[in-house]
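Just below is one structure, and these are the notes that go with it.
Since every read-out is calculated from the coordinates, none of them should be taken as a lab result. Because the structure is a prediction, the values reported are computed rather than measured. So basically every Cβ, Gly included, is an ideal-geometry build from the backbone, and we count neighbours across all protein chains shown.
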Amino acid sequence: MSNIKKVIKDRKTDLNPIWIMRQAGRYLPEFREIRKKNTDFIKLCLNSSLSAEITLQPLKRFDLDAAIIFSDILILPYGLNQKVEFVKNVGPILGDLNFNQMSKFTENVFTERVNPVYNAIDLVKNNKLTENKSTIGFVGAPWTLLVYMLNKKSPKQGLEKNFFEDDVLITEILGLIEKFLKIHIKNQINSGAEIIQIFDSWAGLLDNKNLSKYLYNPTFSLVEFIKSLDVPAICFPRGIKDYKKYCEIIQPDVICIDYETDPAQIAKDIKIPIQGGMNPQILLTDKENLKKEAKRYLDIFKDHPYIFNLGHGVLPETNPSMMEYLVKIVKDY
């Protein structure tokens, strides 16, 4: 059993496993080499051998405890035939959403469209580098995917004013997203993913009155589904105000916290295993500062089941030597 699984299942507090969100990708020179030749990001995610190679790149460099598949949460809308492209310095741009067409999609058609993702997981799982390590699959949370699919761009570029206007349509789309997320999760697990992380990147956009409908109910349904397949679920509701309430309602196996949250308060409030927290910006400073901040999280959670991670993805301008130093700090703690 991997160290991450021991922390989750056996609530071990003396292991300090580490993996990093976006550990495979943009800050590694070997990734940039591949990316230069593969300008279409979605096509790259759907190239099984390259996706597996990228997933394994950080494990060749660092003593990490998990491989997280190189993919994207927007593979789901792509699988449902909504156009998805990534524009440099802008982010994702999605095409119009045709609900009538989407609602006729079958499990087989969807699976066929995104099948290279599952082949990549299989390649990673059966690679020597992942022996005794966890292979992590992931999805976007229903709410975050709804935002991208209806808004057709990142909320960083603004949220359409009439976003909540058509209540019936939103409810139907949420139902459809949930249905195909379960298919996507099941396929990842069947291919070898032993843990599923749910990324709710835009959880912080919702006010209290909308939390149940858009966030709690659909995410709870996904977590229940993952658990029914005997696999642990990690939830990352970035920007949520009340982590304690979130955990009480959703009941994930692990809660991943963002860097705007007070870790000491989390350690007091939440009994389940915790993941993450440290600000990725710290990796852009110096070694002394990095050691101090990493140690702060390790000290706070020393008697709590804890998986070291950041409070968001590693930044593109991060020096790989700082990542190497961070892994060493955690392993030596």
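A few notes on this one:
- √(5λ) per eigenvalue of the Cα gyration tensor, region 1-120, largest first, Å: 30, 20, 13
- Exposure proxy for 174, 229: other Cβ atoms within 10 Å of each Cβ, ordered fewest to most, give 229, 174.
- The residues 62, 164, when put in order of fewest to most other Cβ atoms within 10 Å, stand as 164, 62.
- Using Cβ point charges alone (K and R +1, D and E -1), the dipole size of region 220-333 about the Cα centre works out to roughly 200 debye.
- Kirkwood radius for region 104-159, taken over all pairs of different Cα atoms as the inverse mean of 1/r, rounds to 14.2 Å.
- Angle of helix 217-228 to the longest C-alpha principal axis of the chain, folded into 0 to 90 degrees and rounded to 10: 60°.
- The chain - charge dipole about Cα centre, Lys and Arg +1 at Cβ, Asp and Glu -1, debye rounded to 20: 500 debye
- Among 55, 219, 39, the largest mean-square fluctuation in a Gaussian network model of the chain (Cα springs under 10 Å) belongs to 39.
- Computed [θ] at 222 nm, deg cm²/dmol, the chain (DSSP H ≥ 4; -39,500 (n - 2.57); rounded to nearest 500): -14000 deg cm²/dmol
- For region 3-332, the antiparallel share of DSSP beta bridges with both residues in that region comes to about 20%.
- Taking a sphere under 13 Å around the Cβ of residue 44 and counting the other residues whose Cβ falls inside, with K and R at +1 and D and E at -1, yields a net charge of +1.
- The local environment of residue 310, defined by Cβ-Cβ distances under 10 Å, has a net charge of 0 under the rule Lys, Arg +1 and Asp, Glu -1.
- The residues neighbouring residue 246, those whose beta-carbon lies less than 11 Å from its own, together hold a net charge of -1 under the Lys/Arg +1, Asp/Glu -1 convention.
- Cα lying deepest toward the dipole's positive end in region 3-332, options 256, 3, 137, charges on Cβ: 3
- Result for the chain in a Gaussian network model with C-alpha springs under 10 Å: among 287, 161, 245, the largest mean-square fluctuation is at 161.
- Between 32, 238, 113, the residue with the greatest mean-square fluctuation in the GNM of the chain (Cα pairs under 10 Å linked by springs) is 32.
- Here the simple spin-label model places points 7 Å from the Cα toward Cβ, and for residue 162 and residue 37 these points are separated by 4.7 nm.
- Centroid-to-centroid separation of region 204-264 and region 84-120 [C-alpha atoms, Å]: 24 Å
- Once C-alpha pairs closer than 8 Å and six or more residues apart are averaged by separation and normalised to the residue number of the chain, the relative contact order reads 22 percent.
- Of 79, 18, 103, farthest towards positive along the dipole that unit charges on Lys, Arg, Asp, Glu beta carbons give the chain: 18
- Measure of compaction for the chain (Cα Rg per 2.2 N^0.38 Å): 0.95
- Considering only alpha-carbon pairs that sit under 8 angstrom and 6 or more positions apart, the relative contact order computed for region 173-256 is 36 percent.
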